[in-house]
Amino acid sequence: MRPPRLPRPRSLAGQLFAVQIVLVAAVVAGCAAFAYLSDRAEAEKAARREVTAAATAVAASPAVRSAVRAPDPAGELQPYAERVRHDTGVDFVTIMSPRGIRWTHPDPARIGETFLGHTGPALRRRVFSETYTGTLGPSVRAVAPVREPDGRVTALVSAGITVDTISAQIRRQVVALLGVALAVLAVGGAGTYLLNARLRRHTHGMNAAELARMHDYHQAALHAVREGLLMLDGQRRVALVNDGGRELLGLRGTDVVGRPVAGLGLPPSLTRALLAPERRVDEVHLTAERTLVVNTSPVSGGERRGTVVTLRDHTELTALSGELDSVRGFAEALRSQAHEAANRLHTVVSLIELGRTDEAVGFATAELELAQALTDEVVAAVAEPVLAALLLGKAAHAAERGVDLLLTADTHLDDGLLPPALPTRDLVTVLGNLIDNAVDAAGPRPDGHRSGADARVAVTIRPDGDDDLLLRVGDSGPGLAPGAVDEIFRRGWSTKATEAARSPAPPHGRGLGLALVRQAAVRNGGTVTVARSPLGGAEFTVLLPLRGGSA
């Protein structure tokens, strides 16, 4: 038997809707009650003012003062009091003697009876009002004295409005008030429903606990992912960046959230990629210290809302790829040398078979002396084993391309001179890429033409003073175009004649060499300069500190 499913908590939008409906209903009910009490109090005040004005006006009338002195006051005052009652809208106008005997009343049968109510303040020549229950029921009434010129009180006038009349008026107002309150409640409920429907769409129907849990997962994932994550809003400002993104972009210790991407100081090509409206997939971009693979995905919902950017660090992979290319070149050089060695061995064997032993010995000795001389020259000049091996491999590769790789006379590097802080991998990256570019420039072109009669590449490796290591590579190629100096260290530039200009979409791995050279130099606190080579082509000089320089 399956256990019963627990009811899912109400969504955040549903909870807010219920709370807002209760609040709107409470506010409307409170306003309605306040309006009812205010209207009732105002209606009573208005009734008091109305009856006071009517009683005062009747008491001040000369006709009333004259009629009270007549033999039959009731006969003259009753028609007058009824006209005043109808004209003013009050429920009764009672004119009486100072002793309270009625001369007028809406019910003629009540004339001659004693007035029910207080008359003391009026006998003292003061107008007053009160709520009192008389023959017509509870009423709001006012009593005013009729005074002679000498101040004597000769009669009293009472005008009143019954409480039932006031209540009927309030009921009409309450009905209208309830209609307005219900309309306000309906409009408020509809508006609240629409707002919460939109909130429900934005929160995907999740409740507060689910949103809080998602936020916790979100924060944990951002800090746990080693890859860089960058989110931009519709105005190309940084909305979010995780720890990996800060490290890969070199933004550690700075508050970049809310800043525009163009103001982060990133390389121009990387900035253009981040600001591009179209999607970018696995683009390689270089910063001063790293090689990054960038993917961008625009976030759109009818309009551009932002961009999600992922960053992967390929610095180590790029360096390993360079080393792999070097190893592949060494293997190709060994294959070529093995092929040449086989040809020479066949030649020696053939000479022996022909009985020309002396010629066979001379031929073999000459080849061994030539190979040994190159090895002795490199090892004597460069005692660092990794660089020596790199130079021997590059020399073999250059010879296969028809290019002579030469070490200058001042090349000298003792073993143990390089500090541990200067990685050998970076030296291989710098020297290997510079030699490859120089061989490409000095070697045959794709159309078969050579750059000159003697295709040469000159390499210099030596300390520069006590603090720097100098790496210099020059070639006999055509040199650099006047406008290419500012472009050569950017991704996509190539020394090949067919790729002398920067391509917007270079082949994978092509055009990274010089950019990686500068990156490795900057990472180790060094510099890269380019000038005209004595051989006629370009000459690149790299200075790397030997005393722990900083990038």
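The values are calculated or read from the model by the stated rules, or taken from the named source; none is laboratory data. Fair warning: this is a prediction, and the values are worked out from it, not measured in the lab. No Cβ is skipped: glycine too gets one built from the backbone with ideal geometry, and neighbour counts run over all protein chains shown. For the accessible areas, the whole protein counts, side chains as well, though only heavy atoms, and no ligand, DNA or RNA atoms are used. Shrake-Rupley method; radii C 1.70, N 1.55, O 1.52, S 1.80 Å.
I'm trying to understand the selection: among the residues of the range 374-395, which are free of Cβ contacts under 8 Å to residues at least 60 places away in the same chain and among the charged types (D, E, K, R)? Quick ask: steps written out before the conclusion?
Applying the first criterion (free of Cβ contacts under 8 Å to residues at least 60 places away in the same chain) to the range 374-395 yields 374-380, 383-386, 388-389, 392, 395.
Within the range 374-395, ASP376, GLU377, GLU384 qualify.
Does LEU77 qualify as being touching a Gly at 6+ places or on another chain (Cβ under 6 Å) and either open to solvent by less than 50 Å² (accessible area, probe 1.4 Å) or part of a loop (DSSP other than H, G, I, E, B) (or both)? Break it down into steps so the answer makes sense when it comes.
Numbers: touching a Gly at 6+ places or on another chain (Cβ under 6 Å): no; either open to solvent by less than 50 Å² (accessible area, probe 1.4 Å) or part of a loop (DSSP other than H, G, I, E, B) (or both): yes.
Here the answer is no, as LEU77 does not meet what is asked.
Any residue in the range 406-426 that is in contact with a Lys or Arg (Cβ under 7 Å, 6 or more places away or on another chain), among the polar types (S, T, N, Q) and surrounded by 14 or more Cβ atoms within 10 Å (Cβ to Cβ)?
yes
For the range 92-105, indicate whether the set of residues that are more than 16 Å from VAL143 (Cβ to Cβ) and modelled with pLDDT under 90 is non-empty. Spell out the reasoning first.
Applying the first criterion (more than 16 Å from VAL143 (Cβ to Cβ)) to the range 92-105 yields none.
The answer is no; no qualifying residue exists.
Quick check on my filter: what residues within the range 242-257 are among the β-branched types (Val, Ile, Thr) and either in contact with a Phe, Trp or Tyr (Cβ under 6 Å, 6 or more places away or on another chain) or open to solvent by less than 20 Å² (accessible area, probe 1.4 Å) (or both)? Before you say what the answer is, go through the steps one by one.
Going through the range 242-257, the residues among the β-branched types (Val, Ile, Thr) turn out to be 254, 256-257.
Within the range 242-257, just VAL256 meets the criteria.
Sort out which residues of the range 154-205 are over 60 Å from the mean Cα position of the chain (by Cα) and in contact (Cβ under 8 Å) with a residue 40 or more places away in the chain, and write them in order of number.
THR154, ALA155, LEU156, VAL157, SER158, ALA159, GLY160, ILE161, THR162, THR165, ILE166
Working only within the range 111-124, note down all residues that are within 14 Å of GLY75 (Cα to Cα) and touching a strand residue (DSSP E or B) at 6+ places or on another chain (Cβ under 6 Å). Steps first, please.
From the range 111-124, those within 14 Å of GLY75 (Cα to Cα) are 111-112; that's our starting set.
Answer for the range 111-124, where residues must be within 14 Å of GLY75 (Cα to Cα) and touching a strand residue (DSSP E or B) at 6+ places or on another chain (Cβ under 6 Å): just ILE111.
Please state which one of GLY452, GLY477 is at pLDDT 85 or above, open to solvent by less than 60 Å² (accessible area, probe 1.4 Å) and assigned to a loop (DSSP other than H, G, I, E, B). Give the steps one after another, and end with the answer.
Working: GLY452 fails: at pLDDT 85 or above.
One residue alone meets the criteria, GLY477.
Here is a check on your reading of the model: is PHE34 within 60 Å of the chain's Cα centre (by Cα) and not polar (S, T, N, Q)? Steps first, answer last, please.
Working: within 60 Å of the chain's Cα centre (by Cα): yes; not polar (S, T, N, Q): yes.
Yes; evaluated as a whole, the condition is true for this residue.
Of all residues in the range 107-135, how many are in a loop (DSSP other than H, G, I, E, B) and either of a type in the set (Ser, Thr, Tyr) or on the phi < 0 side of the Ramachandran plot (or both)?
Of the range 107-135, the ones in a loop (DSSP other than H, G, I, E, B) are 107, 111-113, 115-119, 124-127, 135.
Those left that are additionally either of a type in the set (Ser, Thr, Tyr) or on the phi < 0 side of the Ramachandran plot (or both): 107, 111, 113, 115-116, 118-119, 124, 126-127, 135.
Adding up the residues that qualify gives 11.
From the list LEU16, LEU37, pick out the single residue that is at pLDDT below 75, over 30 Å from ILE161 (Cβ atoms), out of contact with any His (no Cβ under 7 Å at 6 or more places or on another chain) and open to solvent by 40 Å² or more (accessible area, probe 1.4 Å). Spell out how you get there, then give the answer.
Values: LEU37 fails: over 30 Å from ILE161 (Cβ atoms).
Step by step, each of LEU16, LEU37 is checked, and only LEU16 is at pLDDT below 75, over 30 Å from ILE161 (Cβ atoms), out of contact with any His (no Cβ under 7 Å at 6 or more places or on another chain) and open to solvent by 40 Å² or more (accessible area, probe 1.4 Å).
If you go through the range 169-195 one residue at a time, how many are open to solvent by less than 30 Å² (accessible area, probe 1.4 Å) and within 30 Å of GLU82 (Cα to Cα)?
Final tally of qualifying residues: 1.
Take the residues of the range 258-288 that are more than 18 Å from the chain's Cα centre (by Cα), open to solvent by less than 80 Å² (accessible area, probe 1.4 Å) and not aliphatic (A, V, I, L, M): which is farthest from VAL528 (Cα to Cα)?
This residue is ARG280.
Hey, among the residues in the range 259-281 that are in a helix (DSSP H, G or I) and free of Cβ contacts under 8 Å to residues at least 24 places away in the same chain, which one's farthest from LEU232 (Cα to Cα)?
Out of the qualifying residues, it is PRO268.
Considering every residue within the range 111-125, establish whether at least one is within 26 Å of ASP150 (Cα to Cα) and of a type in the set (Gly, Ala, Ser). Outline the logic, then answer.
To start, the set of residues in the range 111-125 that are within 26 Å of ASP150 (Cα to Cα) comprises 115, 118-125.
From what is left, the residues that are of a type in the set (Gly, Ala, Ser) are 120, 122.
For the range 111-125, residues within 26 Å of ASP150 (Cα to Cα) and of a type in the set (Gly, Ala, Ser): present.
Is the range 427-436 home to any residue that is part of a helix (DSSP H, G or I) and acidic (Asp, Glu)? Full working, then the answer.
Our first condition is that a residue be part of a helix (DSSP H, G or I); within the range 427-436, this holds for 427-436.
If we keep only those that are acidic (Asp, Glu) too, we end up with 436.
There is at least one residue in the range 427-436 that is part of a helix (DSSP H, G or I) and acidic (Asp, Glu).
For a quick check of your reading of the model, give me the residue pairs whose first member lies in the range 405-424 and is more than 8 Å from ILE461 (Cα to Cα), whose second is acidic (Asp, Glu), with beta-carbon atoms closer than 8 Å and at least 6 apart or on different chains.
Short answer, once both residue conditions are applied: LEU407/GLU377; ASP415/GLU384; LEU417/GLU384; LEU418/GLU384; THR424/GLU384.
Restricting to the range 455-474, name every residue that is in a loop (DSSP other than H, G, I, E, B) and at pLDDT 85 or above. Can you show your working first?
So in the range 455-474, the residues in a loop (DSSP other than H, G, I, E, B) come out as 455, 465-467.
Residue satisfying the conditions is ALA455 alone.
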